[in-house]
């Protein structure tokens, strides 16, 4: 697989995508899974399949140097990102939203730093080399890394689309049933739910564009999705704080049980 998903596949591996699909069920785990994606992105940034890419494009000397520059910047970005990937989470969901916001910003930044190197390398390739590289990515997708048709159709198999599903797992009915809300608290809950669904909608729009096959296009699409999710979480945070402020301590405790969050993150080996 490529240094990042921008060359041959998605930033997150298919195993990670499967983990997301299989574990959807409560919103607390959704937040944890989103944050765990930071560790997974570090792993992807550290992978170095330069030999495979070289065999496909048969680079000239200047192209080889550009490819090596991708490796160097990717490794630096991975190290920087690793320092921003949290290992534990606080008790409160508001604090977890804050950590998720910071994590998503760091993930997007790591790709933003990488994009110029991809643009330079791809720009040095001739049309035949570009075609071979794109075909290599499509071949990997068809063999199970990620299905191109599913991406074009907005399938939930896409990691980007899975994040949309995760946001929509907000348990509004369970909160209503388990916390005995007043009318004012109900109104605040509905405002929060609307903010979450608006964030999911904006992210869904970004996911539709996540069907680009060139290395620069793949990287840009993944960065766009992370930035859309980051903006969505930042929009949710003040509305959640307003809702939480209207709850009693007993209701807050019940809310915590409903969203069912853990305080530690199982790190991915870097």
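The values are calculated or read from the model by the stated rules, or taken from the named source; none is laboratory data. What you see is a predicted model, and the numbers here were worked out from it, not measured in a lab. Don't worry about glycine lacking a Cβ; one is built from the backbone with ideal geometry, like all the others, and counts go over all protein chains shown.
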Test: residue in region 35-45 that is in contact (Cβ under 8 Å) with a residue 60 or more places away in the chain, in contact with a helix residue (DSSP H, G or I) (Cβ under 9 Å, 6 or more places away or on another chain), farther than 20 Å from residue 218 by Cα and assigned to a helix (DSSP H, G or I):
yes
Which of the residues that make up region 85-120 are over 19 Å from residue 225 (Cα atoms) and either without any contact (Cβ under 8 Å) to a residue 24 or more places away in the chain or not in a helix (DSSP H, G or I) (or both)?
86, 87, 88, 89, 90, 91, 92, 95
Can you tell me which condition residue 1 does not meet? The list is (1) more than 16 Å from residue 129 (Cβ to Cβ); (2) part of a helix (DSSP H, G or I); (3) modelled with pLDDT under 90; (4) more than 12 Å from the chain's Cα centre (by Cα), and all the others hold.
(2)
Residue list for region 55-64, filter: assigned to a helix (DSSP H, G or I) and either surrounded by 14 or more Cβ atoms within 10 Å (Cβ to Cβ) or in contact (Cβ under 8 Å) with a residue 60 or more places away in the chain (or both)
56, 57, 62, 63, 64
Just to check your reading of the model, which residue among 55, 40 is under 17 Å from residue 226 (Cα atoms) and modelled with pLDDT under 95?
40
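Of everything in region 72-83, what is surrounded by fewer than 18 Cβ atoms within 10 Å (Cβ to Cβ) and part of a helix (DSSP H, G or I)? Give them in sequence order. Spell out how you get there, then give the answer.
The initial filter retains those residues of region 72-83 that are surrounded by fewer than 18 Cβ atoms within 10 Å (Cβ to Cβ), namely 72, 75-76, 79-80, 83.
Within region 72-83, 72, 75, 76, 79, 80 qualify.
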Cβ-Cβ under 8 Å pairs, at least 6 apart or on other chains, region 167-185 side at positive phi, far side part of a helix (DSSP H, G or I):
180/251
